[in-house]
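Enquirer: Structure provided below as structure tokens; questions to follow.
The values are calculated or read from the model by the stated rules, or taken from the named source; none is laboratory data. These numbers were taken from a predicted model, which means no experiment stands behind them. Virtual Cβ from ideal backbone geometry, glycine too; neighbours counted across all protein chains shown.
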Amino acid sequence: MKRQTWAIASVALLASSQLFAADTVTRKSDGKKLSGVISAVSKEEVTVKKAVGEPDKIAANDIQGVEWDSGGAELRLAYTDEAGGKYETAITRYTKAKESAKNPSEFLKAELEYALARTAAKQAISEGDMTKLTKTAQALQAVQKLSPDHFRYYDSMNVLGQVQLAAGDFAAARTSYEVVGKAPWNDYKMLSRISLGKILVAENKLDEAAKEFEAAAAAATNSPTDQARKYEAMLAGARALVNQSKFEESLKILELVTDKGPADESALQAEAYVLMGNALQALGRMKEASLAYLHVDILFAKEASLHAEALYNLTKTWKQVQLPDRSAEAEQKLVQTYPNSSWRKKLAK
Amino acid sequence: MRSRLLAAVAMAVLFAGAGMAQAVEPYLEFVRGLREQQYFDYAILYLDQIASKENTPPEIKQVIPYEKAMALQDSAKVARSPEKQLEQLDQALAFLEQFVKENPNHPIAADANSDRAGIILEKAKAEIQQLRSPSGPKKQLQASSRELIAKARQVYQTAFDQHEANFKKFPAFIDQQKDPDQFAARSKTEQSLMTASLNLAICTFEEAHSYEPTAAEYKQLLTKAADEFEKMHQKYRTQVGGLNARAWQGKCFEEMNEINKALGIYKEILDHPAETGVLSQLKTQTLYFKLICLNSKEKRDYRVVADLAEEWMKKHPNEQLTRMGLSIQYEQALAYEQMGNNPEILQMDKEAFWKKARTVAMNIQKFNSEHKDAALALTQRIQVKIGGNKEEKVNDFETAFSFARQAFLDAVETKKELEDSTKKGAVVPPEIISKLNANLANSYSDAVKYFELAFTLVKTAEDKKNLPQARYLYAHVNLSLKKYYEAAVLADFVARTTEKDNTLALDAAYLAMAAFGQAFNESKASNDQKGEDLKMIIRASNLIAERWPSSDKANDAYMMLGQMIAVQKKPAESAMWYGKVPESDPKFAQAQLAAGQAYWSAYIGAGRMIAAERPNPEQLAAWQKSAQDHLRVGIKKLTDTAPKEASPPDLIGGKMTLAQIIINQGQDAEALKLLEGDPHSVVKAVTVADEPSRPEAGMTSRRFAMETYKLIFRAYIGTQNLDKARETMKTLEKIAGHGGAEGGAEITELYISLGRLLKDELERLKSNGETERFEKLMTSFETFLNDMASRKDGQTFGSLSWIGETYFALGESVVATDAAKANGFYEKGGNAFNEIMTRATNDQNFVGAKQLSEVKLRLVKVGRLRKDFPPAETLMKEIVKENANNLKVQISAAEMYQDWGLSGQADAPKKLIVAIQGDTKVNGNIWGWSQIAKKLHKSPNFATDEYYKQTFLDAQYNSAFCRLRFAREQSAKDKQKHLEGCRTELVTTSAIVKDMPEEQYQRFNGLYRDVLTDLGQTASDLPRAVDVAVAPPVMEKKPVEEAPKTETKEGTEVKPDKPAEPPKIDMMTWIIFGACLVAGLGAIVWVLVKGKSKPKQKSFGGTTAAGPVSFSGIEAGAPLPAPTFVAPTAKPNPRPAAAPGAGATAGAATKPATRPATKPAAPAAPGAAAVPKPKPKPPSPPASK
């Protein structure tokens, strides 16, 4: 009797869950999904009002993802595409979602604007296109001005800094990253320091940069987010070492990052492996370099820009280790997957 | 729905308010009403509310924890996430425990205990479910699931006791008419008692699942469970409970593959006439069990399954969405799919069945049940079969991973089918095989697509949790597709980044090691790159050794490390790793033997080092001792465990090596005991009934048998047992004489090799500082030889050849220190060969024509060694005239002129030019080093045949060396010209042989630096192939010539004579593997005993220094290469000519400056080298779904 009740009950619940469909915010710290209606947003948090009980407040730095009730399937797919580095499709989907959203709240409207500007910015960075970089920086600034009190604000400021850094506008990037540092969370303050360090690297102030990275790493508490940032700081330090041709030293740090750093932080891991490949390549250890790049190709291909860079390098290193077929495969993949990337263009040169 | 919710809330408020107004409130009825309506949250909210009210009756308050547990338990059943389910069940369990603790004698305490036990058992089942996943920490899960089952059993027992006690409180007879309530209460208690009893047996049934189906415990526990169910059935056979037990008994039989027995039981139940109530439910469950049986591979009654399921659905329209209903539909969907898979029906019919299967599966996947995932996968399989667009529906990791996993499992299954179909004796039509191949390719292609998609869809914490498993499975896919680097990278990442306690991490590490091994095996890259692959294997093996030092797989890793590090020429370190394999491991004996082998290789190798690099005598003695110790342990272990009549190859090989070591120490008698004694006699192992039938490889091969008897022969000489030695010599000749068309040559080679063996042994003793042993051995041999030589009767071609060769060996061993003594030996050697010539003149049958040429060549050698060149030249010309195209003859001629040129005799330098350029004026045309090299280079075999390359290198080296020495004798102007020519020659050689082994390169480089110095330039290194811009090489200047022709035995002209098939192995492999195996007979026998390409015998298989690693419990994704043992056969290597003053006998390593050309890795004796290839096999891909 129990089995029958159980099965019928499950049908009823499925039906009811559709009717109750609401906004869902997934919390990064514990992976918990909090459903209800997003009733308020600010730079610092999102409030989810539930059917029963006190509303949930989720800090903006603890948001893993948001599913908007009125966002529809296109929006969900757009998020996936963006995360998978398919920026072009993501932009198309975000645009469609914007057009088809049914009675979107102000928060969702702003979310869509942020998403569009952010994705375009990421695309511009991966392509290294100066015109696009300028344009997307302006778009980001426009949406920040329009919706400054939104939970995507600090993230967008970080992306803006990246765009400005890629465009070589160090002063503007510095301003943007300093704003990131004003966020009330330690991991964002660490992020700000790391990013400021990266500007110093670009300015070739390597000693100062190293200090920034060290300071950022030292500020880490035991929280998982801080720990992830600590490895980011180490990674940035390793990059500076690679820039100074201190390959052996950089490898020691990179091995630590890849072995002990959070394995599911794909951006962190992908960058570490690309850098490792670069260092090994410079040392003439081509087979090891190939395998380092291969990590990005098969484990972290969703990191579009780094993936393209890894593929580009694989075209070179596989040849060096007398595997020309593999080199050709990597080339084909680069051409097909990232036809507009700067790495693809570099290949053609 | 919102309005329903509001209504419920309003109701709750109303009830709460009413509670204040009314004295009696139907508290529990309301709670149960909320539960039935699935308002579990509100039910709990309400229970909390009444718990805090003062006026709630105490008997109600008493059961609140129990009621909360019931609400949570019901809620868990419909929870969508497993975490939520688990959380709610844990809470329910806590409330139940609270309830039974506070109210142990409450009337429903027994029910509470039953529920408690039920939850605990469910948790155990969840863990057992995880056991089927490759990512689960298996041992841990097995242990904890058994612990939970034990706990559940204990609680069920308590419940059973309580129910039994309650039941006993009722009178034996209750009149249902008079006291219906008491009758019903007793029935209910009895039912609870039966349920508890049934559940106790189910605990046993579930415990069986905590073991692998192949484990003995699995069957034992199922048998036990079947007995328990049977007892219950006997006790309650007239009641539904008894029948239920019977059905479960059938399930036990089904799981033990006793399908017919199970079906018989199911029939009994299904034939029961009653169709209502509980019995109807039981029949439904039984039908489900029956359908599983009918869908099994043993029955394949798919049509019956489909019909029975259809019939049931018609009869039970309201039960289709129950757990059993969905289960029955799932079996129906599987049956439809299989019906569509029938290759004998039309495509349209196939599609019709598949569509039916899809419809049913899509219906199942809409609802929560244990079949949801499987139904989803089934839908996708069908989509692939009938064509459809599934990508659009895959937007999340879970789905993509589910498809990927399914495709992978399909591939595993298809591969197995394919293997079964292609097994010897299987009669499967080719079109089926080709279809299976196509299916396999499709499944892999799908797997790749969905794994890659899944990786881009990782979002939630749950996704991340499953990511290592996905990566691990994807590594398996890559391995199957021979993408070894991808497989290794994936597996290595999982191994490094997953918790060490998770079995998946260790499995992944093992897979990474195997994948790198495969990459190494199949790599066609250059030396350097293969060296890189080697490093990867070592790194992957190290990871296992460091992270899981006490695991079974670590032992495999130790074996692999031992093998690979031996390849890196670190035998002592290699032995250290072998030594780590514990005695408890089945590979212990093999590891000990390999360790002994590694130490012996180190000892042997030291003898070839230059003095400055050679370890001190204490170290050498320690290595020799360690070699013995390990070999003795390994031999003892194998002797104790192997059947007395068996001849385990590892044991035989170990005995051979140990015999060599102790012969080296003068313990000849013990060596003979080891070789000839029982059990596991080496002599018996190599004996065949029919000599000509010896196989090409293995212990009974001709080569191995000869090596065995050479050792025995050597040991008899050591014991001064002349008769036995001669007897052994005859046996040796008999074995060698059956070497087919080359039999005669084999005998000649046999004696040459015996002489060389002695020379090697003497040189090793000398260079290792074992003077006493050296002197003793010299004396022993001299006495023996003198005795042999003095005998006039009974001499054969073989015995005289041996005497001659052995005198040469003795002479070469002392020439550096006592030229007069050496000369005496050479003379005695020459006498032996002259005796052959004399006897051949008198007796035409004494020796064959080809052997006679060999004897003449040996006489030329006597002239060379004694520096008596003119008569040697005369004889040489005679030989050349008869054998103009014989490479070996031409090499001997060049060597003779080279030795003459360097002899310091009058006009000697001119002979250097003859050595280089040959002499076309004399009859038969002497080629000289230059022509020899040119003809070899032009040969079509040059690119592929290592022998050609090595001989070419020697010829080139000798040519340049002669030129340098000639230049030094010339005027300044001519000297310059010749030195320039010499330099060009060396650079050209470096350009031609792109993968010149390092040791060869060093030899050429030394000469090159000397030339530059003589030219008055700063010495610099010889440009390597990649740096050499000069092209084309000198030999390319002339029009293409035909490959040199030489005479075969039959007199036809073919390519250059090559006495035996050279090793088919690239130069890189020589370099890598050569070092640990060169020269030592121990190494030779080690190789030979393992056979050339035969797989190892399972019971004694393992790794040795020269053997492949074997991994246990394995199924490789792709066909794995057979172990590669390449044992070069005996061949006349171009021997370098002696430098003046140094004599031809100084060891190459000890006198590098005066000895112009040696071949460090020359296959100087039969079977002089072997190549261990790692034979990594990955852990079997997880097969369970």
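Enquirer: Looking only at residues that are crowded, with 16+ Cβ neighbours inside 10 Å and of a type outside the set (Asp, Glu) in the range B:409-420, which one is nearest to B:PHE397 (Cα to Cα)?
Expert: The selected residue is B:LEU409.
Enquirer: If you don't mind, there's one more thing I want to ask. Quick one: count up the residues across the range B:589-618 that are modelled with pLDDT under 85, within 26 Å of B:LYS636 (Cα to Cα) and not polar (S, T, N, Q).
Expert: Residues flagged as modelled with pLDDT under 85, within 26 Å of B:LYS636 (Cα to Cα) and not polar (S, T, N, Q) within the range B:589-618 amount to 3.
Enquirer: Going residue by residue through the range A:224-239, is there one that turns out to be among the hydroxyl-bearing types (Ser, Thr, Tyr) and touching a Pro at 6+ places or on another chain (Cβ under 9 Å)?
Expert: There is at least one residue in the range A:224-239 that is among the hydroxyl-bearing types (Ser, Thr, Tyr) and touching a Pro at 6+ places or on another chain (Cβ under 9 Å).
Enquirer: Right, next: Tell me which residues, restricted to the range A:281-299, are over 20 Å from A:VAL335 (Cβ atoms) and either surrounded by fewer than 24 Cβ atoms within 10 Å (Cβ to Cβ) or within 8 Å of another protein chain (Cβ to nearest Cβ) (or both).
Expert: Selection gives A:GLN281, A:ALA282, A:LEU283, A:GLY284, A:ARG285, A:MET286, A:LYS287, A:GLU288, A:LEU291, A:HIS295, A:LEU299.
Enquirer: Which condition number in (1) part of a loop (DSSP other than H, G, I, E, B); (2) modelled with pLDDT of 85 or more; (3) under 45 Å from the mean Cα position of the chain (by Cα) is the one that B:SER133 fails?
Expert: (2)
Enquirer: Ok, one more. Scan the range B:671-682 and give yes if some residue there is buried (at least 24 other Cβ atoms within 10 Å of the Cβ), among the hydroxyl-bearing types (Ser, Thr, Tyr) and in contact with a Ser or Thr (Cβ under 9 Å, 6 or more places away or on another chain), otherwise no.
Expert: No, the range B:671-682 contains no residue that is buried (at least 24 other Cβ atoms within 10 Å of the Cβ), among the hydroxyl-bearing types (Ser, Thr, Tyr) and in contact with a Ser or Thr (Cβ under 9 Å, 6 or more places away or on another chain).
Enquirer: Right, another one. Being over 17 Å from A:PHE107 (Cα atoms), of a type in the set (A, V, I, L, M, F, W, C) and part of a helix (DSSP H, G or I) is the filter here; which residues of the range A:48-77 pass it?
Expert: A:ALA73, A:LEU77
Enquirer: Another one. Looking at the structure I just gave you, is B:GLU805 assigned to a helix (DSSP H, G or I) and closer than 23 Å to B:GLY737 by Cα? Break it down into steps so the answer makes sense when it comes.
Expert: On the way: assigned to a helix (DSSP H, G or I): yes; closer than 23 Å to B:GLY737 by Cα: yes.
It is true that B:GLU805 is assigned to a helix (DSSP H, G or I) and closer than 23 Å to B:GLY737 by Cα.
Enquirer: Take the range B:232-263 and flag every residue that is within 50 Å of the chain's Cα centre (by Cα) and free of Cβ contacts under 8 Å to residues at least 12 places away in the same chain.
Expert: Result: B:GLU258, B:ASN260, B:LYS261.
Enquirer: Out of the residues in the range B:680-697 that are part of a loop (DSSP other than H, G, I, E, B) and among the hydrophobic types (A, V, I, L, M, F, W, C), state the one that is farthest from B:PRO649 (Cα to Cα).
Expert: In the first step, residues of the range B:680-697 are kept if they are part of a loop (DSSP other than H, G, I, E, B); the result is B:680-681, B:687-690, B:694-697.
Remaining after also requiring among the hydrophobic types (A, V, I, L, M, F, W, C): B:688-689, B:697.
Working: B:VAL688: 16, B:ALA689: 19, B:ALA697: 12 Å.
Per the stated criteria, the residue is B:ALA689.
Enquirer: A follow-up question, please. When the residues of the range A:240-275 are narrowed to those that are within 14 Å of chain B (Cβ to nearest Cβ) and in contact with a Ser or Thr (Cβ under 7 Å, 6 or more places away or on another chain), which ends up nearest to A:ALA83 (Cα to Cα)?
Expert: Ranking the qualifying residues of the range A:240-275, first place goes to A:GLN269.
Enquirer: Which one is modelled with the lowest pLDDT, of the residues in the range A:305-322 that are surrounded by fewer than 22 Cβ atoms within 10 Å (Cβ to Cβ) and at the interface with chain B (Cβ under 10 Å from one of its Cβ atoms)?
Expert: So the residue we want is A:GLN322.
Enquirer: Another one. Among the residues of the range A:247-263, write down those that are surrounded by 15 or more Cβ atoms within 10 Å (Cβ to Cβ) and not acidic (Asp, Glu).
Expert: Those that are surrounded by 15 or more Cβ atoms within 10 Å (Cβ to Cβ) and not acidic (Asp, Glu): A:PHE247, A:SER250, A:LEU251, A:ILE253, A:LEU254, A:LEU256, A:VAL257, A:THR258, A:GLY261, A:PRO262, A:ALA263.
Enquirer: Quick one: is A:ALA137 among the small types (Gly, Ala, Ser) and under 28 Å from A:GLU303 (Cβ atoms)?
Expert: It is true that A:ALA137 is among the small types (Gly, Ala, Ser) and under 28 Å from A:GLU303 (Cβ atoms).
Enquirer: Given the condition under 20 Å from A:ALA267 (Cα atoms) and surrounded by 21 or more Cβ atoms within 10 Å (Cβ to Cβ), answer yes or no: does some residue in the range A:109-116 qualify?
Expert: yes
Enquirer: Moving on to the next point. Looking only at the range B:422-448, which residues are crowded, with 17+ Cβ neighbours inside 10 Å and either among the small types (Gly, Ala, Ser) or within 14 Å of another protein chain (Cβ to nearest Cβ) (or both)?
Expert: Correct list: B:SER443, B:ALA447, B:VAL448.
Enquirer: Still on this structure, please answer the following. Do we find that A:VAL48 is β-branched (Val, Ile, Thr) and more than 26 Å from B:ASP463 (Cα to Cα) in this structure?
Expert: For A:VAL48, the condition - β-branched (Val, Ile, Thr) and more than 26 Å from B:ASP463 (Cα to Cα) - is not met.
Enquirer: Take the conditions modelled with pLDDT under 80, within 57 Å of the chain's Cα centre (by Cα), outside any loop (DSSP other than H, G, I, E, B) and more than 18 Å from B:GLU102 (Cβ to Cβ) and apply them to B:ASP41. Does it pass?
Expert: Judged against the criteria, B:ASP41 is a match.
Enquirer: Please list, ordered by residue number, the helices (runs of 4 or more DSSP H) wholly in the range B:454-548 having 3 or more residues that are at pLDDT below 90.
Expert: B:461-480, B:503-522, B:527-547
Enquirer: Looking for something farther than 25 Å from B:PHE713 by Cα and surrounded by 23 or more Cβ atoms within 10 Å (Cβ to Cβ) - is there at least one such residue anywhere in the range B:610-621?
Expert: The answer is no; no qualifying residue exists.
Enquirer: May I pose another question? What about B:ASP501, is it more than 14 Å from chain A (Cβ to nearest Cβ), under 30 Å from A:ASP30 (Cα atoms) and not aromatic (Phe, Trp, Tyr)?
Expert: Taking the combined requirement at face value, the residue satisfies it.
Enquirer: Here is a further query. Counting only residues that are among the charged types (D, E, K, R) and within 23 Å of B:ARG323 (Cβ to Cβ), which one in the range B:346-380 is farthest from the other protein chains (Cβ to nearest Cβ)?
Expert: In this case the residue turns out to be B:LYS356.
Enquirer: Scan the range B:463-496 for residues that are over 24 Å from the mean Cα position of the chain (by Cα) and facing chain A (nearest Cβ under 7 Å) and jot them down.
Expert: If the condition is that a residue be over 24 Å from the mean Cα position of the chain (by Cα) and facing chain A (nearest Cβ under 7 Å), then B:LYS464, B:LEU467 are the ones that fit.
Enquirer: Filtering the range B:963-988 down to residues that are without any contact (Cβ under 8 Å) to a residue 24 or more places away in the chain and within 56 Å of the chain's Cα centre (by Cα), which residue is surrounded by the fewest Cβ atoms within 10 Å (Cβ to Cβ)?
Expert: Among them, the one singled out is B:GLY981.
Enquirer: Right, next: For the range A:208-226, indicate whether the set of residues that are surrounded by fewer than 17 Cβ atoms within 10 Å (Cβ to Cβ) and under 19 Å from the mean Cα position of the chain (by Cα) is non-empty.
Expert: yes
Enquirer: Does B:GLU36 fit the bill of being within 12 Å of another protein chain (Cβ to nearest Cβ), without any contact (Cβ under 8 Å) to a residue 12 or more places away in the chain and surrounded by fewer than 17 Cβ atoms within 10 Å (Cβ to Cβ)?
Expert: yes
Enquirer: Moving on to the next point. Looking at (1) touching a Phe, Trp or Tyr at 6+ places or on another chain (Cβ under 7 Å); (2) surrounded by fewer than 21 Cβ atoms within 10 Å (Cβ to Cβ); (3) within 26 Å of B:TYR947 (Cα to Cα), which is the one condition that is false for B:SER853?
Expert: Here B:SER853 meets the rest and fails (1).
Enquirer: I'm trying to understand the selection: among the residues of the range A:50-108, which are among the β-branched types (Val, Ile, Thr) and within 14 Å of chain B (Cβ to nearest Cβ)?
Expert: A:VAL52, A:ILE63, A:VAL66, A:THR80, A:THR89
Enquirer: Restricting the search to the range A:127-158, which residues are within 23 Å of A:TYR188 (Cα to Cα) and of a type in the set (Gly, Ala, Ser)?
Expert: A:ALA137, A:ALA139, A:ALA142, A:SER147, A:SER156
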